[in-house]
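The values are calculated or read from the model by the stated rules, or taken from the named source; none is laboratory data. Source: prediction; values computed, not measured. FYI the Cβ positions are ideal-geometry reconstructions off the backbone, even for glycines, and counts take in every protein chain you see.
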């Protein structure tokens, strides 16, 4: 997922380095995860991101920021990229990059939109499309660290085919009674679908979210309209604004 860089991360202190693509994993028809071996990687927190830079033969450079998908416990670093038509970066990353290729990056960046086991829960994670990427890092960290914090993921996708990490999310939920994954499909639904079939709204949040009295730690990531509407609805339902953290993304040129 492409994210908006945070100036507080002081990227000037970070060095560019080259990671080697270990594996390319197809998540959906338009989304792939790049699993990288990064020499000297100092580690990261779930929710952080990295800058990726491409350099053309004529010296032209372009960079984008992508959320880290892997848990801090993982041996390798993973980012998940959704292809944007006519984009400058995402088509190359999702269509041309192969195992053994190098990729220039720097990070990790960001310290606000992060979750660690010691912060506890309950957790409420709300995602729209590729906004699930940093939240998936949190769920992977939760599982790898043995956290028993109750967690709910409310995930809005356009169709079942476009649900990123669909199989892994199902496995995680089946293996952990304290994790609940709720999907809403906004454009098309498979035959027999009994779940939500609309955009996230206040009524849905009232049904899915923990009670405000439980003081959940809430992380919302996705397109700006979804993030702003969800955060506003949660506050309207009585949730403490201080417990609601958001990460927005929008058109970046891909």
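From the list 185, 217, the lone residue that is surrounded by 14 or more Cβ atoms within 10 Å (Cβ to Cβ) and within 19 Å of residue 241 (Cβ to Cβ) is 217. The requirement of being more than 30 Å from residue 213 (Cα to Cα) and assigned to a helix (DSSP H, G or I) is fulfilled somewhere in the range 95-116, by at least one residue. Hey, any hits in the range 110-128 for a residue that's modelled with pLDDT under 95 and buried (at least 22 other Cβ atoms within 10 Å of the Cβ)? Within the range 110-128, one or more residues are modelled with pLDDT under 95 and buried (at least 22 other Cβ atoms within 10 Å of the Cβ). Looking at the range 48-65, can you tell me whether even one residue there is crowded, with 16+ Cβ neighbours inside 10 Å, part of a loop (DSSP other than H, G, I, E, B) and at pLDDT 95 or above? Yes, the range 48-65 contains a residue that is crowded, with 16+ Cβ neighbours inside 10 Å, part of a loop (DSSP other than H, G, I, E, B) and at pLDDT 95 or above. Test residue 141 against the stated conditions and say whether it is touching a residue at least 12 places away in the same chain (Cβ under 8 Å), in a helix (DSSP H, G or I), surrounded by 15 or more Cβ atoms within 10 Å (Cβ to Cβ) and not assigned by TED's automatic domain parsing to the domain that holds residue 29. So residue 141 fits the description; yes. Just checking, does the range 127-135 include any residue being part of a strand (DSSP E or B) and in contact (Cβ under 8 Å) with a residue 24 or more places away in the chain? Checked against the condition, which is being part of a strand (DSSP E or B) and in contact (Cβ under 8 Å) with a residue 24 or more places away in the chain, the range 127-135 yields at least one hit.
Among the residues making up the range 71-93, those that are outside any loop (DSSP other than H, G, I, E, B) and closer than 26 Å to residue 143 by Cβ are 77, 78, 79, 80, 81, 82.
Taking the conditions exactly as written (surrounded by fewer than 23 Cβ atoms within 10 Å (Cβ to Cβ) and either in contact (Cβ under 8 Å) with a residue 60 or more places away in the chain or on the phi < 0 side of the Ramachandran plot (or both)), does residue 38 satisfy them or not? Against the criterion (surrounded by fewer than 23 Cβ atoms within 10 Å (Cβ to Cβ) and either in contact (Cβ under 8 Å) with a residue 60 or more places away in the chain or on the phi < 0 side of the Ramachandran plot (or both)), residue 38 qualifies.
Just one of (1) more than 26 Å from residue 146 (Cα to Cα); (2) at pLDDT 90 or above fails for residue 76. It is (1). If you go through the range 1-35 and keep only what is surrounded by 22 or more Cβ atoms within 10 Å (Cβ to Cβ) and at pLDDT below 95, you end up with 1, 2, 3. Return yes or no: is residue 135 touching a helix residue (DSSP H, G or I) at 6+ places or on another chain (Cβ under 7 Å) and crowded, with 20+ Cβ neighbours inside 10 Å? Answer is no for this residue. Counting only helices (runs of 4 or more DSSP H) that fall entirely inside the range 154-254 and contain at least 2 residues that are closer than 24 Å to residue 26 by Cα and at pLDDT below 95, no element qualifies.
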